[in-house]
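The values are calculated or read from the model by the stated rules, or taken from the named source; none is laboratory data. Bear in mind that the values here come from a model prediction, so they are computed numbers and not experimental data. Glycine gets a Cβ as well: all are built from the backbone with ideal geometry, and neighbour counts include every protein chain shown. These accessible areas exclude ligands, DNA and RNA; they are computed on the full protein's heavy atoms, side chains included. Shrake-Rupley method; radii C 1.70, N 1.55, O 1.52, S 1.80 Å.
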There are 4 protein chains.
Amino acid sequence: MKLVGVIGAGACTQEIYEKSRRVGQGIAGLGATLVCGGLGGVMEGACRGAQERGGITVGIVPGPDRKEANPYVTIPIATDMGHARNILVVRTSDVLVAVSGGYGTLSEISIALKLGKPVVGLDTWKQMHGIRYVETVDDAIRAVEAFLPER
Amino acid sequence: MKLVGVIGAGACTQEIYEKSRRVGQGIAGLGATLVCGGLGGVMEGACRGAQERGGITVGIVPGPDRKEANPYVTIPIATDMGHARNILVVRTSDVLVAVSGGYGTLSEISIALKLGKPVVGLDTWKQMHGIRYVETVDDAIRAVEAFLPER
Amino acid sequence: MKLVGVIGAGACTQEIYEKSRRVGQGIAGLGATLVCGGLGGVMEGACRGAQERGGITVGIVPGPDRKEANPYVTIPIATDMGHARNILVVRTSDVLVAVSGGYGTLSEISIALKLGKPVVGLDTWKQMHGIRYVETVDDAIRAVEAFLPER
Amino acid sequence: MKLVGVIGAGACTQEIYEKSRRVGQGIAGLGATLVCGGLGGVMEGACRGAQERGGITVGIVPGPDRKEANPYVTIPIATDMGHARNILVVRTSDVLVAVSGGYGTLSEISIALKLGKPVVGLDTWKQMHGIRYVETVDDAIRAVEAFLPER
């Protein structure tokens, strides 16, 4: 079982949405399960892309009801724990891909780096020591693949 | 998506383990995904049974590392939140089946009843107003089926 | 530092409210700090009583804003974690007093017994192995005192 | 009730420890209660300073036992929720002061800015839009005072 987290803004431009979708497609192409916060924007784009390639998506939502999850979430987890659910997304993932994102995403990047989890960055917070920055979706997927454990 | 929670002791007799296994088989037979706390005993028996029937199992573990999950968990979720993860198991499930269990299970039953989630009870805490008690695994699965939403 | 938890229904009769108030007075009389879920009913009665005797009260509320705390809470802690905050009330307390209560209280009693914390019961869930049942507020305070660590 | 959070590294230089201590003294001087993660380094320095000026300190610790709190914590809260306890520190505070700090502190700064809570920064993460940067402890306390609500 390989689990790849995707973190990013819950609302985003169409361009970022499409990039996220291609990230999701690439993760499914690696045979990995996608984990995210289950909401819209980057999370929805990524789940959509993963499902298009036959992948499984896990959405760990902040609210009390799993119906909050976007329609491309295969397995929704309801937490009723607000932002504390960010830590579960990070803990559950082997590697994370950050696509754009605001302060919520930054909190997830911080926790990931604190825990020593690899983070691949695409159009996201700049100049963070510890992030593996890439320029394209293809490079992001290659970086994810390199970080994934063998099993 | 139908999600059925299985709650019960992390260590149990062989008899209860086999009952849990048959509960898991029955849940998979309903086309539902099984959710549990991801550890041993009843949780492991149920996951094992579900996987034997081709079902998907979600294990929301208390510790920081998803490797803590039993080998029959398809999707492990690491929380590092200890007993607080019990609430996620309950929140995420449409219906719960309690098989035997101690105080940890009782805390999950209590939260489920507090939230108005149906609980089917098999060899578990007695005389709890709100639990739908059954005598056999077959009856448990029939009760679960009746409680599941149509969608 | 001695910390005594008070758990019970968020809405209660005037009689139970007054009992809770006397429990709070007794806890403050022991020189202990009172910990609770910070809402109304038993929690408010207990906080009120403790403050009347000069005690400090801690209210760990389920919502995102500490203003949710009842007016007799000295130190409000906002969690935005819903029922998961119950575990914090239990973890933080040396001893707990359960006064009446529904399923939420039962979940706290269960976690306390699971963790091996002493629970004193007054007009609460019956016949729970592990609860030290008492008939009067005075007996409850005596039982709490006996359970408190020396330091 | 005014609650001021102090966030920063759990291990720090003597210089930063002394700065944190003076921050704690200043917070107590404002009549505010200090909230922190309850461990060492900046958290301990700040609690120590606050207690020296007669202030109350709240330490919300990550582990299961409140004995983990540093010796200058008046009210310890045990969570057993690891890094998720960071969110409680932020939620409970009216204003936060960040002193130095690594990725854990950055996660707290991020959540604070996400929630619209004022953050005063002293020798901490640079160039974060939204942080009110100051050069001295005195300026930090003045900034905190300006941000505190009237009540």
Quiz item: Restricting the range D:118-142 to residues that are touching a residue at least 40 places away in the same chain (Cβ under 8 Å) and either open to solvent by less than 60 Å² (accessible area, probe 1.4 Å) or aliphatic (A, V, I, L, M) (or both), which is farthest from D:Cys12 (Cα to Cα)?
Solution: D:Ile141
Quiz prompt | Check on D:Lys126, under 17 Å from D:Leu88 (Cβ atoms) and either in contact with a strand residue (DSSP E or B) (Cβ under 8 Å, 6 or more places away or on another chain) or part of a loop (DSSP other than H, G, I, E, B) (or both) | solution = no
Practice problem: Check C:Gly26, C:Gly40 and return the single one that is touching a helix residue (DSSP H, G or I) at 6+ places or on another chain (Cβ under 6 Å) and either farther than 19 Å from C:Trp125 by Cα or surrounded by fewer than 21 Cβ atoms within 10 Å (Cβ to Cβ) (or both). | Solution: C:Gly26
Practice problem: Look through the range B:106-117, keep the residues that are in contact with a strand residue (DSSP E or B) (Cβ under 7 Å, 6 or more places away or on another chain) and surrounded by fewer than 24 Cβ atoms within 10 Å (Cβ to Cβ), and return whichever of them is farthest from the other protein chains (Cβ to nearest Cβ). | Solution: B:Lys117
Quiz item: Just wondering, is there one or more residues in the range C:80-90 that are among the hydrophobic types (A, V, I, L, M, F, W, C) and touching a Ser or Thr at 6+ places or on another chain (Cβ under 7 Å)?
Solution: yes
Quiz item: Is the range D:120-132 home to any residue that is within 14 Å of chain A (Cβ to nearest Cβ), within 29 Å of B:Ala84 (Cα to Cα) and of a type in the set (Gly, Ala, Ser)?
Solution: no
Quiz prompt | Unique match (being away from every other protein chain (no Cβ under 11 Å), in contact (Cβ under 8 Å) with a residue 60 or more places away in the chain and outside any strand (DSSP E or B)) among D:Ile16, D:Ile7 | solution = D:Ile16
Quiz prompt | A:Ile87 out of contact with any Lys or Arg (no Cβ under 6 Å at 6 or more places or on another chain), within 17 Å of D:Thr105 (Cβ to Cβ) and in contact (Cβ under 8 Å) with a residue 60 or more places away in the chain | solution = no
Quiz item: Inside the range A:25-42, can you point out the residues that are farther than 20 Å from B:Val58 by Cα and free of Cβ contacts under 8 Å to residues at least 40 places away in the same chain?
Solution: A:Gln25, A:Gly40, A:Gly41
Quiz item: Inside the range A:122-151, can you point out the residues that are within 15 Å of A:Gln25 (Cα to Cα) and β-branched (Val, Ile, Thr)?
Solution: A:Thr136, A:Val137, A:Ile141, A:Val144
Quiz prompt | Number of the condition not met by C:Leu96 [criteria: (1) closer than 18 Å to C:Tyr17 by Cα; (2) touching a Leu at 6+ places or on another chain (Cβ under 8 Å); (3) touching a residue at least 60 places away in the same chain (Cβ under 8 Å); (4) of a type outside the set (Val, Ile, Thr)] | solution = (2)
Quiz item: If you go through the range D:99-116, how many residues are farther than 13 Å from A:Ser107 by Cβ and free of Cβ contacts under 8 Å to residues at least 60 places away in the same chain?
Solution: 1
Self-check item: Tally of residues being open to solvent by 10 Å² or more (accessible area, probe 1.4 Å) and either within 11 Å of chain C (Cβ to nearest Cβ) or in a helix (DSSP H, G or I) (or both) across the range D:88-100
Solution: 2
